[in-house]
Amino acid sequence: MMGTLKNWLGGFDQPVYPIGPLTLPTPKGKEDKSNDVEVVEFLDKMRLRSGKRSLIYISFGTFFVPSEIEKVWAVIEALITSETPFIFAHASPLLSVTEEKKAWINNSGVGLELSWSPQQVILEHEVTGWFLTHGGWNSIMEAFESKIPLIIWPINGDQPLNAANLTLIHKAAFELIEVRGGEDGTKPLLRFKDTEYTPSFTIEGVKEEFIGVLEKIKGEEGQVVRKNFEKLSEEMGKSWHDGGESNSNFNDFLAKFVDCI
């Protein structure tokens with residue numbers, strides 16, 4: 001990917017030095033988690049209840065939220081009905097969650113609702129198995145850092161492309177289709193042109209699709225996706241090793257603009 005970008009930008013007759021991924025280091029050891037006690041206690045409880053990699057972490061970030069909130073509730077209903085542990089984080093003020101819905105989640109026995117979440121703590125915990133996200137680049141990078149595979153609910157911007165790249169090319173994620181909305185989102189998809197499947201984009205369609213995804217992540221297909229995602233994560237990490245693409249590009253940049261000073 002970086003090679004393609006470098007070739008394209010090179011046409012502007014300017015030097016290009018692609019480097020990445022750039023992420024904050026994952027906290028290790030006995031870092032202070034005093035502010036995250038409730039979250040860690042819930043994670044530990046679900047680990048004892050359901051085992052490793054059993055929890056689904058849901059977060060759409062701050063700026064992008066689903067336009068049809070009822071589709072979010074359909075997904076959460078499927079999680080509660082199937083007794084799948086989950087954390088639902090809704091940091092965005094654009095995503096309205098009533099007190100009734102908060103109580104529904106928190107009293108379910110398997111769910112925890114948070115207006116803000118310590119994302120690294122959650123992704124690094126051994127109970128966390130999947131990350132349901134809008135698929136923005138920052139979220140994807142954090143998932144790669146923790147090697148937690150994705151269930152993607154793309155909303156706008158680069159997210160549909162990111163989702164298609166990971167699901168169709170790398171087979172390293174699951175994409176939710178029925179959650180789409182709006183005139184552009186509900187246009188016929190070329191990927192289904194030779195199949196009998198036609199998305200309904202309804203609440204029932206969302207529920208049925210997500211139940212199917214829950215079955216897949218617990219089976220052989222889920223294991224394949226997880227291994228592919230972990231492989232991508234490892235390959236991205238190697239780019240900063242000696243001789244790696246990012247390492248080499250950064251050293252070239254330093255040699256041209258810093259070392260000469």
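Rule-based calculations on the coordinates, nothing more; no lab input. Keep in mind that what you see is a predicted model, and the values were worked out from it rather than measured. Virtual Cβ from ideal backbone geometry, glycine too; neighbours counted across all protein chains shown.
Things worth noting here:
- Average Cα contact separation per residue, the chain, under 8 Å, 6 or more apart, as relative contact order %: 20
- Unit charges on C-beta of K, R, D, E only; dipole of the chain, Debye: 440
- Here region 132-261 is treated with +1 on each Lys and Arg Cβ and -1 on each Asp and Glu Cβ, and its dipole about the Cα centre works out to around 120 debye.
- Among 254, 211, 228 - extreme Cα towards positive end, dipole of region 205-261, charges at beta-carbon: 211
- FRET efficiency, residue 13 to residue 184 (Cβ-Cβ, R0 35 Å, nearest 0.05): 0.50
- Mean residue ellipticity at 222 nm, helices only, the chain: -13500 deg cm²/dmol; runs of at least 4 DSSP H residues each add -39,500 (n - 2.57), and the sum is divided by the number of residues.
- Taking a straight Cα-Cα cut-off under 12 Å and skipping sequence neighbours fewer than 8 places away in the same chain, the aspartates and glutamates within cross-link reach of residue 45 are 126.
- Residue 69-residue 204 FRET efficiency (beta carbon distance; Förster radius 25 Å; 0.05 resolution): 0.95
- Mean separation of Cα contacts under 8 Å (6+ apart) over length of region 108-261, as relative contact order %: 19
- Reducing region 137-205 and region 62-82 to their Cα centroids gives an inter-centroid distance of 15 Å.
- Structure-derived P(r) over Cα pairs in 10 Å bins from 0, in percent - corresponding label in (i) 6, 27, 33, 21, 10, 3, 0; (ii) 7, 21, 22, 18, 13, 9, 6, 3, 1, 0; (iii) 6, 23, 19, 15, 17, 13, 5, 1: (i)
- Degrees separating the helix 69-81 axis from the principal Cα axis of the chain, which is the longest one: 70
- Between helix 220-238 and the chain: long-axis angle, C-alpha atoms, 0 to 90°, nearest 10: 30
- Cβ-based charge dipole, the chain, positive-most Cα from 93, 40, 159: 40
- Residue (of 176, 148, 60) at the positive-pole extreme of region 54-185, dipole from beta-carbon charges: 148
- Extension reserve of the residue 50-residue 194 stretch, reckoned as 0.36 nm per residue once the Cα distance is removed: 47.9 nm
- Calculated FRET efficiency, residue 224 to residue 81, Cβ-Cβ distance, R0 = 22 Å: about 0.30 to the nearest 0.05.
- Relative to the compact-globule estimate of 2.2 N^0.38 Å, the Cα radius of gyration of region 38-184 comes out at 0.99.
- Using the average count of surrounding beta-carbon atoms within 10 Å as a protection proxy, the listed peptides 117-123, 92-98 rank, highest first, as 117-123, 92-98.
- Here the peptides 73-82, 230-239 are ranked by packing, the mean other Cβ count within 10 Å, and the order with the highest first is 73-82, 230-239.
- Placing dummy labels 7 Å off each Cα toward the beta-carbon, the span from residue 251 to residue 103 is 6.2 nm.
- Applying a DSSP loop filter and a limit of 15 other Cβ atoms within 10 Å to the GluC sites (Glu not before Pro) in region 117-201 leaves 126, 196.
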